[in-house]
Amino acid sequence: MRPETLTRLLVLASFLLWGFQPLTAQEATAPALPDSWELQVENLTRLGMRFWRVPGCAVAVVHDGKVIWAKGFGTTAKGGDQPVTPDTLFPVASITKTFTTTRMAQLVDAGKVNWDDPIARHLPWFQLSDPQATQSVTLRHAASHSGGLASHDLLWYRWGGTMRDRVERLKNLPVQSKPGEKFAYQTSLFTALGLVEEAVDGKPWAEEVRSGLIEPLALRSTWADPSKIPPQIPRAQPHRLNFEDLPEPCEPYPFNSPDPAGSIHSTANDLARWVLFHLGDGTTPEGKRLVSKEQMRLLHTQQVAQEFTPALRGLNPSSQAMGYALGFTVYDHRGERVLAHGGAVDGMRAQITLVPGKKLGFVVLCNLSLTRMNLSLTHHLMDLFLGHTGRDYNGLVLKQQKRGLEELVQRARAAGDRARGRMDKIDPVQMEGVYLHPAYGEAKLFLRDGVPMFSLGGAETSLQPMGPGCWLAQADPFGGAVIEYIPGDPPVVKLTGEVELTLTRKKQP
């Protein structure tokens, strides 16, 4: 066996053991701070902002039980004069999930729930398409994204309505695997955790998180209910790259109501305190216990492995494996166990990262849609504080991003070839209409000023033609899905992306 192969196997074996035996606080040892680390952190951040064209960014570093650094860079809006500071407010999107699972851990400590309780025990109306799955999917499954459903993020994105509305739509989706068997990131099922917390404690989810976590940890600029944010609080403004790869303002995501899967807004300073709390044993800096040591360990313990695809490896080039705990991604970096969670919403990216064995933590907040700066900068910061050099994570991560785009275009072209095999051309008026899906409801395929368009739920996209009746979705939320019109009686529209949907043409009255 080659030495480098043996090394990789040993690292992987260690990581798999970590999933069940996480490092304890006694085993953790903080590394000595590198020389000129403040200047190096600042230089890495500014380099990342230039590379990824990010208008504004806030970064924080936690080391050996203290927040040692927090700083803002750039401006809240491109061309504006309001600087980003560590107290600038950002939507942190899916980092919200770490708050929801931590609140659930408090309820487990209180004896009100158990992680292996079926969701249906606390929400009698809860239903999936498979009756057996309905009764067997548990809080643990929902909190580890192993509930048996595919992602279906478009079923959550911009839909509005109540939390229960979002969860009730799940009953019209196929169950694709046995609960607990397979990882698939499922936001709407995660929302059910917040509803369980409301059911067992009798308070709205946002109030539970505020009184149980936000206030005890003195997170004075963190809100679970976006409607409660005072208007004078300085906020980062959302941006996306235009066709010239330059940032421009974009419409903010409409946070219409609290959501246990993604509604929290916070700052670099506050998230640094949140990271500090999770690097500890469940007590506040003042010594008040909020979560038992046992539950803190469980929150950070891998529950399900993720397939470490070439795409994931390309985005995490110093890692060998990945999994999901209860609200945290678990992976390795240079042989160190890492806990992390990202957040992405229109015009914004966020990242928190913990290296428990080295008492290190990082926060990166950016006001640019789909940027990978949050990920590449975090890799650089981990290397800096762990004593490693020599990897250009900006270039490596961008290479994978480009590879993903190339694969997407190849899939779209293949779909276009199939479409040309079905028919030579199509009358644009023929394909216009309303199409139905049992979970998603109505979708529309239509022309706007001669441009083909598609809308589904709260998302709308222009379509780039790839063949007759075949298009590539352009808007970010669709993730490069291919949309095909297939004639028939009735005709259907097929959407192929992270999930595959077939929508049937609504009959005309």
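Every number in this text was worked out from the coordinates using simple rules, so none of it is lab data. Because the structure is a prediction, the values reported are computed rather than measured. Cβ coordinates were reconstructed from backbone atoms using ideal geometry, including for glycine residues, and neighbour counts include every protein chain displayed.
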How high is the relative contact order of the stretch 403-505? Use alpha-carbon pairs under 8 Å, at least six apart in sequence, and give a whole percent. 22
Taking K and R as +1 and D and E as -1, what net charge do the other residues with C-beta under 12 Å from the C-beta of residue 345 add up to? -2
Approximate spin-label separation residue 203-residue 81, in nm, with each point projected 7 Å along Cα-to-Cβ: 4.4
The chain: relative contact order in percent, alpha carbon pairs under 8 Å with at least 6 residues between: 18
At a Förster distance of 30 Å, what's the computed FRET efficiency of residue 462 paired with residue 177, Cβ-Cβ distance as r, to 0.05? 0.30
Could you put 85, 138 in order, starting from the residue whose Cβ has the fewest other Cβ atoms within 10 Å? 85, 138
Applying 1/(1 + (r/R0)^6) with R0 = 25 Å to the Cβ-Cβ distance of residue 38 and residue 286, what FRET efficiency is obtained, to the nearest 0.05? 0.35
Arrange the following residues from fewest to most other Cβ atoms within 10 Å of their Cβ: 122, 141. 122, 141
How do 453, 466, 348 rank when sorted from fewest to most other Cβ atoms within 10 Å of their own Cβ? 453, 466, 348
Determine the distance separating the Cα centre of the stretch 371-394 from the Cα centre of the stretch 219-291; give it in Å without decimals. 23
How far apart, in nanometres, would the label points at residue 229 and residue 215 be if each is projected 7 angstrom from Cα along the Cα-to-Cβ direction? 2.2
Calculate how steeply helix 3-20 sits against the longest principal axis of the alpha-carbon atoms of the chain, using the helix alpha-carbon long axis, and give the answer as 0 to 90 degrees to the nearest 10. 90
Helix 187-201 against the longest principal axis of the chain: what's the angle in degrees, Cα atoms only, rounded to the nearest 10? 60
Can you flag which of 182/288; 112/288; 358/402; 203/494; 97/293 are past 31 Å Cα-Cα? 182/288; 358/402; 203/494
For the stretch 33-72, what is the relative contact order in percent, using Cα pairs closer than 8 Å and at least 6 residues apart in sequence? 26
R0 of 45 Å, Cβ-Cβ distance residue 116-residue 427: FRET efficiency to nearest 0.05: 0.20
Per the Kirkwood treatment, what hydrodynamic radius in Å, one decimal, follows for the stretch 403-505 from the mean inverse distance over all distinct Cα pairs? 13.6
Which of (1) 23.7, 102; (2) 21.7, 71; (3) 23.0, 74 is the computed Rg and Dmax of the Cα atoms in Å for the structure on display? (3)
With each pseudo-label sitting 7 Å past Cα toward Cβ, what's the residue 474-residue 162 distance in nm, one decimal? 3.9
